[in-house]
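> Let me begin by handing over the structure; questions about it come next.
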Amino acid sequence: MSSESRVTTFPPSSVWRDFFTSKSIALIALALLCTSTASATINYSISFEHPENHLFHVTMTIPDVHDSVTIQMPAWNATYQIRDFASRIQNLSAKGENKKRLPIEKLDKQTWNISGSNSVEVEYEIFWDDPGPFASQLNSTHAFMNLAEILAYIPDRRTENIQLRLGGQISGKWSIASPLEIVSSVEAGAIGMFGLRAANYDVLVDSPIEFGQLIAFNLEGATPRVSVAVHGENWNKRELEDALTKLVRYETQLMDGAPYEHYQFIFHIDQSGTGGGGMEHANSTAIGASSTAGAITTAAHEFFHLWNVKRIRPQSLEPIDYTKEMYTRSLWFAEGVTSTYGAYALLRTGLWTQSQFYDDLSYQINELQSRPARLWQSVEESSLNAWLEKYPQYNRPEYSISYYNKGQLDGFLLDVLIRDATDNHKSLDDVMRAMNENFAKKGRFYNDSADIEATVESVAGVSIKEFFTKYVSGTDELPYADVLVKAGLALITTQNTRADLGFEASKAFAGNQIVISSVASGSSAEKAGLRSNDVLLSLNGVAMTRGFLPSSGQYRPGEALKLRVRRSGAELDLSFAAGSTVTQEYRVAPMKDANEKQHRIREGLLQGKTN
């Protein structure tokens, strides 16, 4: 039977579909799925033979080769970290139309030149068994794919259309979720495959795929369509569905409409806390969480990335270069102000109470004030240094601040200042909509941070240069009290005695490990024998994971601490008492004697309204 008569083509609305049964065996021949290959010149297949081995088997078929072709693996994607995905490749080979092996010359750590003409077929295996959303994983229950971590590309042919085929030997009933267009499904006896299509390589790798034992549904009433797929257990479907419906509706209305035809949420909910966090994509997000509540909180942030960073985008991140770092000063806005709106969305949809919002704002202030590096590192410098975050030493409070943290505070303070300058007729919401109209919708990218400053000034009607000079490019202390009072909010300062653990711990990117990044000289921890680079396995019987970092607020001064660590392959038990330190803590609370203007601004902030 011809390939045309064997292929069933689904409309783009069919984003997931039960595909394999327990007897599905192998990947069908690459030529079988070719109903519209005229424009799809680069063809990939990913096979899941023996998923328990965690090896993605990749075949890349490249037409129209003249004498030779160069392929390359990205060095980074999904996080601002050089991770060298080529280090995971094995058994790379190439053959021509006559099926004979072709010569391969490796040019550098991530680049190969293949001698051949006409059609060249490249094969390799790549190992992934790290939980999403920033990595990829293949095991007996699912395949999660950040495709830039799996698929090589041709540097001078990234704009060509792509077809991707998936298949393999699995057990149980699997479904697929992806923002990509699903063009066909074919089954021939024990043979099965699944086909997807992308306009080019950049679109392809900005479209994660979840393939496995899923629970999938659409958000009722969402237009355009929003789909949800969850891999995991012990989560509340009604709670998640209701919350996502509210968040999608609010943020879409805020930004005057949806910029997508279909949006895909992918959740990995794992109570062990592995793989926490969220990763934004142009028409989707992948989120790891240990609970339904954690998934909802992260979704509020990630969905707003549809506009801020994916479409309202700094020029410094374009065009994408997968081979090296791309530096931008604007992550304070792209990520930090997105966090401002994550908190606003949770508050304004009723998913957070006002008290929870004030608690979060208080936490952000305390976090920044606890980091001595705030006195010398600006939030723009923190943005530039995002590429250093994989190093535990850099994440210590005396070495860096977070552009998420200070950026969220800058966004909130700017909102108050705009409302105060305009008598609550304008707000930061107007800034985001103006950035969307003037840059995203016109296909333009903004200049770090000059175009942000200019847009804020045009909305506020007053000069905002001093704010950007002191608190964005500069390191002056943020004027919390002076600005909060304009919104009828007070900053209450207290001194507290809290536990001092005597050590700092941080997340290792790979391996789901918590590593001791520093031990304070003369501390009880040092005297007990704790060392930097020890892997912290448990603290007082609680297993350490990426979702659980020890912090001083979890313990009391003098409390007995029992650590189990791994060092040089051996496990050790260490015991000591927590020390104590006096800290200044900050709390945001509404003023009882706010005047009429202060009250209007405060209510405007809380409700997302202007006069």
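One line per residue, one yes/no per condition, for (1) crowded, with 20+ Cβ neighbours inside 10 Å; (2) modelled with pLDDT of 95 or more; (3) β-branched (Val, Ile, Thr):
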| position | (1), (2), (3) |
| --- | --- |
| TYR124 | yes, yes, no |
| PHE127 | no, yes, no |
| GLY132 | yes, no, no |
| THR141 | no, no, yes |
| ASN146 | yes, yes, no |
| GLY168 | yes, no, no |
| VAL186 | no, no, yes |
| GLY195 | yes, no, no |
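> Being over 18 Å from the mean Cα position of the chain (by Cα), closer than 30 Å to LEU204 by Cβ, surrounded by fewer than 21 Cβ atoms within 10 Å (Cβ to Cβ) and not assigned by TED's automatic domain parsing to the domain that holds LYS246: is that true of PRO372 here?
In short, no.
> Could I ask something else about it? Report, by residue number, each residue of the stretch 114-139 that is outside any strand (DSSP E or B) and aliphatic (A, V, I, L, M).
Scanning the stretch 114-139 gives a single hit, ALA135.
> Let me ask another. Kindly establish whether THR41 is closer than 30 Å to TYR403 by Cα and at pLDDT below 95.
no
> Which residue pairs have Cβ atoms under 7 Å apart, sit 6 or more places apart or on different chains, and have a first residue in the stretch 442-461 that is under 11 Å from PRO314 (Cβ atoms) and a second that is assigned to a loop (DSSP other than H, G, I, E, B)?
The qualifying pairs are PHE445/ARG313; PHE445/GLU318; ASP448/THR328; ASP448/ARG329; ASP448/SER330; SER449/ARG329; SER449/SER330.
> Would you confirm, using the coordinates I've provided, whether ILE401 is farther than 25 Å from THR493 by Cβ, modelled with pLDDT of 95 or more and not assigned by TED's automatic domain parsing to the domain that holds ASP500?
No.
> Can you tell me which residue among SER117, SER68 is touching a Ser or Thr at 6+ places or on another chain (Cβ under 6 Å), surrounded by fewer than 16 Cβ atoms within 10 Å (Cβ to Cβ) and not assigned by TED's automatic domain parsing to the domain that holds ALA289?
Unique residue meeting the criteria: SER68.
> Anything in the stretch 462-478 that is part of a helix (DSSP H, G or I) and in contact (Cβ under 8 Å) with a residue 12 or more places away in the chain? List them, or say none.
At the first step, the residues of the stretch 462-478 found to be part of a helix (DSSP H, G or I) are 465-472.
Matches in the stretch 462-478: LYS465, PHE467, PHE468, TYR471, VAL472.
> Could you look through the stretch 197-243, keep only residues that are among the basic types (Lys, Arg) and at pLDDT 95 or above, and pick out the one that is surrounded by the most Cβ atoms within 10 Å (Cβ to Cβ)?
We begin by selecting, within the stretch 197-243, every residue among the basic types (Lys, Arg); these are 197, 225, 237-238.
Now restrict to residues that are at pLDDT 95 or above: 225, 237-238.
Values: ARG225: 16, LYS237: 12, ARG238: 8.
Among them, the one singled out is ARG225.
> Sticking with this structure for a sec: Specify the residue that is surrounded by the fewest Cβ atoms within 10 Å (Cβ to Cβ); the eligible residues are those in the stretch 335-368 that are touching a Lys or Arg at 6+ places or on another chain (Cβ under 8 Å) and under 26 Å from GLY474 (Cβ atoms).
For the stretch 335-368, the residue satisfying everything is SER362.
> Could you tell me whether any residue of the stretch 95-106 is in contact with a strand residue (DSSP E or B) (Cβ under 7 Å, 6 or more places away or on another chain) and either under 24 Å from ASP202 (Cβ atoms) or surrounded by 21 or more Cβ atoms within 10 Å (Cβ to Cβ) (or both)?
No, the conditions are met nowhere in the stretch 95-106.
> If you don't mind, there's one more thing I want to ask. Only one residue in SER93, SER68, SER117 is in contact with a His (Cβ under 9 Å, 6 or more places away or on another chain) and more than 30 Å from TYR327 (Cβ to Cβ), so which one is that? Full working, then the answer.
Details: SER93 fails: in contact with a His (Cβ under 9 Å, 6 or more places away or on another chain); SER68 fails: in contact with a His (Cβ under 9 Å, 6 or more places away or on another chain).
Only one candidate passes the filter, namely SER117.
> From the list VAL431, VAL416, which residue is more than 12 Å from VAL472 (Cα to Cα) and without any contact (Cβ under 8 Å) to a residue 40 or more places away in the chain? Quick ask: steps written out before the conclusion?
Working: VAL416 fails: without any contact (Cβ under 8 Å) to a residue 40 or more places away in the chain.
Within the list VAL431, VAL416, the selection yields VAL431.
The rows are residues; the columns are (1) over 19 Å from MET279 (Cβ atoms); (2) not in a helix (DSSP H, G or I).
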position: VAL203; (1), (2): no, no
position: SER207; (1), (2): no, yes
position: PHE217; (1), (2): yes, yes
position: GLU220; (1), (2): yes, yes
position: SER227; (1), (2): no, yes
position: VAL230; (1), (2): no, yes
position: ARG238; (1), (2): yes, no
position: VAL248; (1), (2): no, no
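The values are calculated or read from the model by the stated rules, or taken from the named source; none is laboratory data. What you see is a predicted model, and the numbers here were worked out from it, not measured in a lab. FYI the Cβ positions are ideal-geometry reconstructions off the backbone, even for glycines, and counts take in every protein chain you see.
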